[in-house]
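Inspection log for the structure reproduced underneath, given as structure tokens.
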Amino acid sequence: MRVVEPVVELARGLWTTLRMMFDKPVTIQYPEQKKPVKARFRGRHVLKHYENGLEKCIGCALCAAACPADAIFVESSENTDEVRFSPGERYASTYEINMLRCIFCGFCEDACPTEAIVLGDQYELSFTDRRRAIYPKDMLIDPVPPGGKPVPQKTEPGTFTRSVPEMKDPSD
Ligand code: SF4
Ligand code: SF4
């Protein structure tokens, strides 16, 4: 009896190993292979452009006010029709997020009146130097969409007077 029991347990273990060898692997070859994230995944922030290339961010700092971790720093400057970065009066001349503080709650996204800041699907956020944890605007901003012009743009006077565009009714 003392011999049979270990042999049965050994056979059971080997059977489990054998069975798993023919199962579909659950591991992936990261970083060559990347697993798609879920639709509501909250990754690294992205600052968006309009289709014409103007930045959606108007430097209002509502995201910074809403951030419970005090992770966002925004400094705004004036737009003119000669040198325009975004619709309306102001744009974010400095926009920084301290990733050591961020808790990925998404409050900044909810607070933004122009849908400029979005938590995207980027999750590769490692760094070895604390100074590199502060992401500046040029790291956060999306590329200008195809067909759009880079900023600053020269625009027709009176064309971009509204900072906040007409938005869809979320209840639609
Ligand atoms: S996700 Fe939350 S913690 Fe991170 S910057 Fe936005 S509001 Fe702050
Ligand atoms: S991201 Fe949105 S809330 Fe934050 S400063 Fe820009 S426009 Fe304002």
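The values are calculated or read from the model by the stated rules, or taken from the named source; none is laboratory data. Note that this is a predicted model, so its numbers are computed, not measured. Cβ atoms come from the backbone with ideal geometry, glycine included; neighbour counts cover every protein chain shown. Only protein heavy atoms, including side chains, enter the accessible area calculation; ligands, DNA and RNA are left aside. Shrake-Rupley method; radii C 1.70, N 1.55, O 1.52, S 1.80 Å.
Go through Tyr30, Asn79, Ala69 and say which Cα lies farthest out towards the positive end of the charge dipole of segment 1-98; charges sit on Cβ, +1 for Lys and Arg, -1 for Asp and Glu.
So the residue furthest toward the plus end is Tyr30.
What accessible area per residue, rounded to a whole number of Å², is obtained for the chain using a probe radius of 1.4 Å?
Accessible surface, normalised per residue, equals 72 Å².
List the cysteines of the chain that have no other Cys Cβ closer than 4.7 Å: which are they?
For the chain, the answer is Cys57, Cys60, Cys67, Cys102, Cys105, Cys112, because their Cβ atoms have no other cysteine Cβ under 4.7 Å.
For the peptides 29-36, 67-74, 90-97, 11-18, what is the packing order when you average, over each peptide's residues, the other Cβ atoms within 10 Å and list the highest mean first?
Per-residue Cβ counts within 10 Å, averaged per peptide and sorted highest first, yield 90-97, 67-74, 11-18, 29-36.
Measure out, as a whole number of angstrom, how far apart the alpha-carbon centroids of segment 1-46 and segment 72-132 sit.
Using only Cα atoms, the two centres lie 39 Å from each other.
Would segment 43-89 count as rounded, prolate or oblate if I go by the C-alpha gyration tensor, calling it rounded below 1.5 in a/c and otherwise prolate when a/b exceeds b/c, oblate otherwise?
oblate
Antiparallel versus total DSSP beta bridges in the chain: what percent is that, nearest 5?
95
Rounded to the nearest percent, how much of the accessible area of the chain (1.4 Å probe, protein heavy atoms only) is carbon and sulfur?
Solvent-exposed carbon and sulfur of the chain make up 56 percent of the total.
Please list, or write none, the aspartates and glutamates whose alpha carbon is within less than 18 Å of the alpha carbon of Lys137, excluding same-chain residues fewer than 8 places away.
Counting by Cα, and skipping residues close in sequence, Lys137 has these aspartates and glutamates nearby: Glu55, Asp70, Glu75, Glu78, Glu96, Glu109, Glu115, Asp121, Glu124.
Throw me the Rg/Rh for the chain, computed over C-alpha atoms with Kirkwood Rh, two decimals.
Ratio of gyration radius to Kirkwood radius for the chain: 1.27.
If you put +1 on each Lys and Arg Cβ and -1 on each Asp and Glu Cβ, how big is the dipole of segment 80-172 around its Cα centre, in Debye rounded to 20?
Magnitude of the dipole: close to 440 debye.
Just need the relative contact order of the chain here, percent rounded to a whole number, with Cα pairs under 8 Å and 6+ apart.
RCO, the chain: 29 percent.
Taking θ = phi - 60°, what integer Hz values does the Karplus form 6.51 cos²θ - 1.76 cosθ + 1.60 yield along segment 41-55, in sequence order, with x for Gly and Pro?
Along segment 41-55, the couplings run 4, 10, x, 4, 5, 10, 9, 9, 10, 7, 4, 7, x, 5, 6 Hz.
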